[in-house]
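The values are calculated or read from the model by the stated rules, or taken from the named source; none is laboratory data. Because the structure is predicted, anything quoted here is derived from the model rather than measured. Using ideal geometry, Cβ is built from the backbone for each residue, glycine included, and neighbour counts are taken over all protein chains shown. Accessible surface areas use protein heavy atoms only, side chains included; no ligands, DNA or RNA. Shrake-Rupley method; radii C 1.70, N 1.55, O 1.52, S 1.80 Å.
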Amino acid sequence: LSKYLFRYPSIEGHIKARAHFVNYLIREGFKKDKDKSYDGLGIENVIFACSTTHAYNMILSSILRDEDVVIMTGPNYGLFAVDPERMNGKVEILDLKEEDDFYVNPNDLAKKIDEVNLKLKEKFEGKLDYTPRVVAFLNMNPHNPLGKVMNDNNCKILEKIGDVCLEKGVFVIDDLIYRDLTFDRNNLAKPMGTNAKYFDNTITITGLSKSYGLASIRAGMVVANEIIIRGI
């Protein structure tokens with residue numbers, strides 16, 4: 001029995017558990033050491049949640065204002081499409097196309113962001129203290145429900161998505177919950193945050209229930225810039 005039961009636990013999660021998770025992230029390709037454009041990876045960059053759904057909800061609570069927009073693909077995971085609406089935000093759909101083999105087309109994403117931001121400016125400029133805008137793109141990798149995976153074999157798509165969102169000032173919410181269920185164990189989904197260029201603009205979510213096929217394990221994890229983690 002712990003002799004420290006009189007203390008409140010950290011809301012971020014136990015420091016040793018966060019350290020173990022950081023070590024896992026480093027093994028999976030996240031960069032540990034800082035350089036001129038990257039602060040490195042440490043326990044201040046991770047936080048635990050009750051599930052990825054809970055994590056997603058907390059992320060939106062931190063970055064989404066009234067009428068702001070989250071872009072996600074069509075089709076998508078419906079519960080994640082509902083959450084922004086419940087917070088007085090909006091969802092816009094980027095349809096996946098057969099000619100793109102049902103992967104995200106970065107050029108279409110860029111056009112969608114510009115179109116939505118223009119509509120929001122025309123509708124709300126001067127009516128609020130701020131102009132609502134596209135704040136995030138939900139990047140499901142592997143995709144739910146289509147199962148499309150962006151890995152080292154086609155990482156150029158992922159990099160172009162990262163470049164578009166970085167240029168447009170749109171966070172990538174990188175949903176990796178199904179990563180450990182892919183058939184090709186040698187080519188798992190590549191986390192956007194493993195590229196230091198995109199780390200500060202990426203909010204990574206993952207969890208245990210799908211990884212181990214045990215739905216009762218309610219544990220989610222978030223990886224992000226320290227400012228985002230403190231907001232959560």
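Worth pointing out:
- Meets criteria (at pLDDT below 95 and either among the aromatic types (Phe, Trp, Tyr) or in a loop (DSSP other than H, G, I, E, B) (or both)) for Tyr4: yes
- As a summary of the residue check, Asn88 satisfies the conditions (1) among the polar types (S, T, N, Q); (2) more than 27 Å from Ser211 (Cβ to Cβ); (3) under 17 Å from the mean Cα position of the chain (by Cα) except for the one numbered (3).
- Per-region count, the stretch 217-232, residues open to solvent by less than 10 Å² (accessible area, probe 1.4 Å) and not in a helix (DSSP H, G or I): 4
- Each residue in the stretch 95-126 was checked for being aromatic (Phe, Trp, Tyr) and either in contact with a helix residue (DSSP H, G or I) (Cβ under 6 Å, 6 or more places away or on another chain) or more than 17 Å from Ile161 (Cβ to Cβ) (or both), and 2 pass.
- From the list Leu146, Leu128, Leu120, Leu138, the one residue that fits, being closer than 17 Å to Ile63 by Cβ, in a loop (DSSP other than H, G, I, E, B) and among the aliphatic types (A, V, I, L, M), is Leu128.
- Residue selected from the stretch 17-71 under the condition surrounded by fewer than 20 Cβ atoms within 10 Å (Cβ to Cβ) and in a strand (DSSP E or B), by the criterion nearest to the chain's Cα centre (by Cα): Phe48
- In the stretch 180-197, the residue that is farthest from Pro142 (Cα to Cα) out of those that are of a type outside the set (A, V, I, L, M, F, W, C) and touching a strand residue (DSSP E or B) at 6+ places or on another chain (Cβ under 7 Å) is Gly193.
- Selection within the stretch 122-165 - of a type in the set (Gly, Ala, Ser) and open to solvent by 20 Å² or more (accessible area, probe 1.4 Å): Gly126, Gly147
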